[in-house]
Structures are given as C-alpha cells and as structure tokens.
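Q: One structure is given below, represented as structure tokens, and several questions about it will come after.
The values are calculated or read from the model by the stated rules, or taken from the named source; none is laboratory data. All of these numbers come straight from a predicted model, not from anything done at the bench. So basically every Cβ, Gly included, is an ideal-geometry build from the backbone, and we count neighbours across all protein chains shown.
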Amino acid sequence: MRVLAAMSGGVDSAVAAARAVEAGYDVTGVHLALARNPQTYRSGARGCCTLEDSRDARRAADVIGIPFYVWDLADRFHEDVVDDFVAEYAAGRTPNPCLRCNEKIKFAAVLDRAVALGFDAVVTGHHARLGADGLLRRSVDVAKDQSYVLAVLTREQLDRSVFPLGDSTKAQVRAEAARRGLAVAEKPDSHDICFIADGDTRRFLADRLGETPGDVVDARTGAVVGRHDGAYAYTVGQRKGLALGVPAPDGRPRYVLSITPKTNTVTVGPAEALAVDTVSARRPVWSSGPLPAGPLDCQVQLRAHGEVVPATVRVTGDGLRADLHRPMRGVAAGQAIVAYRTDPAGDVVLGSATIT
C-alpha cells in the first residue's frame, strides 16, 4: 500500500514514518509549507511551520530512506485556518486552530491531493489509535492523546488514515527516535499557536481587527466595571488581565461569563456563574457510524486536554444537545464537544460538533 507520511519536522511524525516503512508500506514523506512568510511564524523549537522544521523533516526522511517532497499549502492554510481563527474571535467565539488544521489541511487538502496522486492513505504522528474495527480511540498516553482534535474527521477520512504512535507513550517514541539515529529525538514539542510568532494572541488579533473599545459589565449588578480595547481579546472563563476598575461587592474574583460582539460587551461575574449543564453544538460529525436515533449516554470532552464528564447526547436537526450529568465551567462557543464511549480496548470517539 502506498502511503504519504506527513512530516512536520518533529519527533512524532519522523517515528511514525519510520514505523510505516517497517510495517511494509511504500512510504513517501511530505513536509507542508504553511507559512506565506516563514520568518513571521515561530522559529526554533517554539512551534511548527518554520524553515528549521522543513530541514529537520528532510534529514529524518534521509535517515529513514524514503523520498521526500515539500508541498506549499500556505494560501490554503491562511484562508482556512488563520482567517477562520480571526473571524471566530471577532464573532465572540474561541476557536481551536489545531482542530481546524486537521479538518481543512491535513485530512482534506493533503489527503485529497494524495489520493489524486495514487496514494492509499496518509500517515501522521498524532497520538491516537485506529483499531482493527476502524474506530478512533484515545492514545495509551493519556497526557499526549490527540483524539480530541481528530474527532472532526469523517468516516471516509479515517479509513484513509494511519496513526502508528497510538500504542506508545511519548517517552517511548523519543527513545525509539534516538535508537534510529533521528536528530529530532530530543527536539521539544511545539507550543501554543504555530502562526503567532511571539505567542501574543491579543496583539495578533488587534493588528488584524483593530482596537474597538467597549464596556466590561458585571452580570449581577449591570454596572460598568471596566473597559476593554476589543472583546475579541477575551474568552469565557478568563480571570487574568481583566483590568477591572470596580471591585466586586463581596471582594471575590470575577471571570468572563460571555462575550457579545453586537454590543461589544464583555460580561463578568463569579466563578459559579460559569457552570453550565446543557451544551448545544452544530455541524456534528459522527465518525463511529450512523447518527444515534435516540438519547445516547456517553462521556464528553469540551476542551482540548479538558476534563471528561458523563452526558446524555441527543441529535437535534443539524446539531446536537448534550445534557451534562454534572455542571462544567468554562465552556466556550467555538470549541469542540467530543463524545466518547468507554470500551475495554480504550475510549472510542463517537463523534464531535462545534459548541454554539
């Protein structure tokens, strides 16, 4: 079987490509050039999308002994990931750009091109498992599990995906890379958002959306307790950086409860006001099979690396509703809700949707 190994320049994708070769696949490596100007993206070990990453990926392909190419997807990445990121914040939502990159770039643009070129599947270094039954499961390394950001993939995309690392911990992957003589064995993991050069999301958004001053309002009293330069700089559950000029009557900390772009208002209040017990979402993707006909008891995760909570999920027209069995705090529109089923072979991803 001919497969295309997406090689980011990190240790995970390098070991995944090497394992694919050992498994008998006919492997070709490809690095995705995602930055219109690589100097504006992160450099060194702080993120991906750099010239250094491209060179690291090429060296790894040489060691493994596979053909290697670079595909320029910078325009597609900018439109589908970067522009989407800015638009979501402008609309008062909190997007997950890694999830969007998987959906629009790695398993849409790349997979579509790979199939057109005669490849059967795409190999990536994501920490997740695809069982013999074709179902997506959590990695054995729970701390590194990436099934949450893969839950947006369709059944057809999963059928053409290979995740060789799901049965290994990150420590095991690094040790294997060292044994194979891969120079990226000790390369640090990428952090934060790859396309924000200095990690300052607020400034990145301000440069693109401009300053739009507005009020910060206390949910309990309705009083204006502060000002902001742009509601897009805030997210639900945020506590730090609010710069409130009026303390709460009880002296307790206040958190961002909601963001209303129409009135350019940020509403703040006590921690307990963050608790929600019902979550609505749109654009469901049910990768494990047909949509459930009735209520489904499962586990749901509401943020990347977030806590898992029992819930009853119901499909509602073009969306879904999850009734949480216990209230959760900090649930933000724009993030994904991912449903899991506990299984003896590991938690199975049932499906996902975008929280509204």
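Q: Collect the residues in region 111-134 that are buried (at least 21 other Cβ atoms within 10 Å of the Cβ) and either of a type in the set (Lys, Arg) or more than 23 Å from ARG76 (Cα to Cα) (or both), keeping them in residue-number order.
A: HIS127, ALA128, ARG129
Q: Still on this model: For ARG326, indicate whether it is part of a loop (DSSP other than H, G, I, E, B) and either farther than 23 Å from LEU136 by Cβ or basic (Lys, Arg) (or both).
A: Here the answer is no, as ARG326 does not meet what is asked.
Q: Considering ALA171, ALA108, ALA132, which residue is among the aliphatic types (A, V, I, L, M), at pLDDT below 95 and either in contact with a helix residue (DSSP H, G or I) (Cβ under 7 Å, 6 or more places away or on another chain) or in the same structural domain as VAL30 (by TED's automatic domain parsing) (or both)?
A: From the options ALA171, ALA108, ALA132, the qualifying one is ALA108.
Q: Based on this model, can you work out whether THR221 counts as exposed (fewer than 14 other Cβ atoms within 10 Å of the Cβ), at pLDDT 90 or above and touching a helix residue (DSSP H, G or I) at 6+ places or on another chain (Cβ under 8 Å)?
A: No: the conditions fail for THR221.
Q: Going by the conditions given, is ALA275 touching a strand residue (DSSP E or B) at 6+ places or on another chain (Cβ under 6 Å) and of a type outside the set (Ser, Thr, Tyr)?
A: yes
Q: Another question, then. Can you tell me how many residues in region 190-219 are assigned to a loop (DSSP other than H, G, I, E, B) and closer than 23 Å to LEU99 by Cα?
A: Residues in region 190-219 being assigned to a loop (DSSP other than H, G, I, E, B) and closer than 23 Å to LEU99 by Cα: 11 in total.
Q: From LEU242, LEU257, grab the single residue that is out of contact with any Leu (no Cβ under 8 Å at 6 or more places or on another chain), crowded, with 16+ Cβ neighbours inside 10 Å and without any contact (Cβ under 8 Å) to a residue 40 or more places away in the chain.
A: LEU242
Q: Would you point out the residue of region 47-100, among those that are among the basic types (Lys, Arg) and over 17 Å from the mean Cα position of the chain (by Cα), that is surrounded by the fewest Cβ atoms within 10 Å (Cβ to Cβ)?
A: Out of the qualifying residues, it is ARG55.
Q: For residues that are within 23 Å of the chain's Cα centre (by Cα) and outside any strand (DSSP E or B), tally how many sit in region 256-274.
A: 1
Q: Here's a follow-up. VAL115 fails exactly one of the following numbered conditions: (1) within 23 Å of ALA23 (Cβ to Cβ); (2) touching a Gly at 6+ places or on another chain (Cβ under 9 Å). What is the number of that condition?
A: It is condition (2) that VAL115 fails.
Q: Hey, another quick one. When only residues in region 299-323 that are outside any strand (DSSP E or B) and buried (at least 17 other Cβ atoms within 10 Å of the Cβ) count, which is modelled with the highest pLDDT?
A: My answer is LEU302.
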